[in-house]
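Structure record follows, encoded as structure tokens.
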Amino acid sequence: MRIRSIEIFHAVMQCGTVKGAADMLHITQPAATRLLQQAERQAGFPLFQRVKGRLVPTREARALYPEVEQLYVRLDGIRQLVDNLAHGQGDMLRVACVPSLAQDWLPKALAPLMQRHPRLRLSVRTLHSRQIVDSLVLRETDIGFAFDAPEHPALLAEPLAQARLVCVGPRLGRSQLPLAELATLPVIDLDASDPLGRRLHHARELHDIQWAPRMLAHSHHAAIALAREGIGLALVDSFTGSAARATLPLEMAVVEPEIPVTVNAMRLHDAPGSALVRHLVDAMGRVLATAASLTPQPADHAQRGAAAAPAPASPAPRPAARRNRTPG
């Protein structure tokens, strides 16, 4: 299909009628009809069925549309880049981040960078780990922050910090919680597709702990929101837990034995080095080191209530970046 055929297909999918598509493309209705017929000839199969004056997408059209939609997203990125270059509006930094870090910690790393580079243009997308990998491989993102970077031969992953599984809820009254005890509490389970959720489920199987939570959260912040309302106890990463404890009337206990998860900065291994990316990665490492110091340790027996937060720890040396490889 030629670009013009893809345009009319996209427009009809958006509007549902040839007239609406014609108005969207600023052409006449007969011209839009001819373009749609041409698109179906090029595709080799019908794209729409006419039902009561409306165009209903065929099964093939519904399968094609998500790919066309992705094409339009990428075209918008190209248009934005062209506009930036034409108007000399400075560099563009494209960042992708998992939701658990994007709400509370990524902004703290971005703030000094934006102050230091007043002409910098910023794009931030909140995605899940696998989506971040796809965005990097498609070169839609310059740097991504995720838990336990998925294996991919094209990616370079740099460990920044380590989080651990914690339990968050009102009136916990303790700093640690045995994994086996979670089976007796109204916990909000983590999705098995979540990196920390996979580790939690593996630990349960390893220690032969049987439980059947009534609730399942597909994001850490959704779990915190449920815990805030007293619906259950949230099982989240320690960075999300620390942020919640600082702003909400919630307490946090680390789960024992430790269930860790690593925060990684990811980029394409063949992408040219960028000072902006390096500055952001370093800033994110410092922010996460400070956040990690707020996590209670099993040996802690601090009093409940408004205890003073411990002083931020100095960032520990980070392991060298690694290139992800496919297993085998």
Self-check item: Backbone HN-Hα couplings from phi across the range 279-292 [Karplus 6.51/-1.76/1.60, Hz, Gly and Pro as x]
Solution: 4, 5, 4, 5, 5, 5, x, 5, 4, 5, 5, 5, 5, 4
Quiz item: Nearest 20 debye, what's the magnitude of the dipole of the chain about its Cα centre given +1 on Lys and Arg Cβ and -1 on Asp and Glu Cβ?
Solution: 920 debye
Practice problem: Between R130 and Y72, take the C-beta separation as r, use R0 = 25 Å, and let me know the FRET efficiency to the nearest 0.05. | Solution: 0.70
Quiz item: How large is ³J(HN,Hα) for each residue in the range 49-61, as worked out from phi by the Karplus curve 6.51 cos²θ - 1.76 cosθ + 1.60 (θ = phi - 60°), to whole Hz, x for Gly and Pro?
Solution: 10, 8, 10, 6, x, 10, 9, 9, x, 6, 4, 5, 5
Quiz item: Residues in the range 111-126 near a label at M92, defined as backbone nitrogen under 12 Å from the 7 Å Cα→Cβ point?
Solution: 121-124
Quiz item: Once a ≥ b ≥ c are taken as the square roots of the eigenvalues of the Cα gyration tensor of the chain, is the result rounded (a/c under 1.5), prolate (a/b larger than b/c) or oblate (a/b not larger than b/c)?
Solution: prolate
Quiz item: In Å², what does the accessible area per residue of the chain work out to with a 1.4 Å probe?
Solution: 54 Å²
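The range 138-173: which trypsin sites (Lys or Arg not before Pro) are DSSP loop and have at most 15 other beta-carbon atoms within 10 angstrom?
R139, R171
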Quiz item: Carbon and sulfur: what percent of the range 1-104's accessible surface (1.4 Å probe)?
Solution: 54 percent
Quiz item: For the chain, what proportion of DSSP beta bridges, expressed in % and rounded to the nearest 5, is antiparallel?
Solution: 60 percent
Quiz prompt | Other-chain or far-sequence residues with amide H under 5 Å of L120's (modelled H) | solution = none
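The values are calculated or read from the model by the stated rules, or taken from the named source; none is laboratory data. This structure is a prediction, so every number in the text was calculated from the model and none was measured. Counting neighbours? That spans all protein chains shown, and the Cβs are built from the backbone with ideal geometry, glycine included. Heads up: the accessible areas ignore ligands, DNA and RNA and are worked out on the full protein's heavy atoms, side chains in. Shrake-Rupley method; radii C 1.70, N 1.55, O 1.52, S 1.80 Å.
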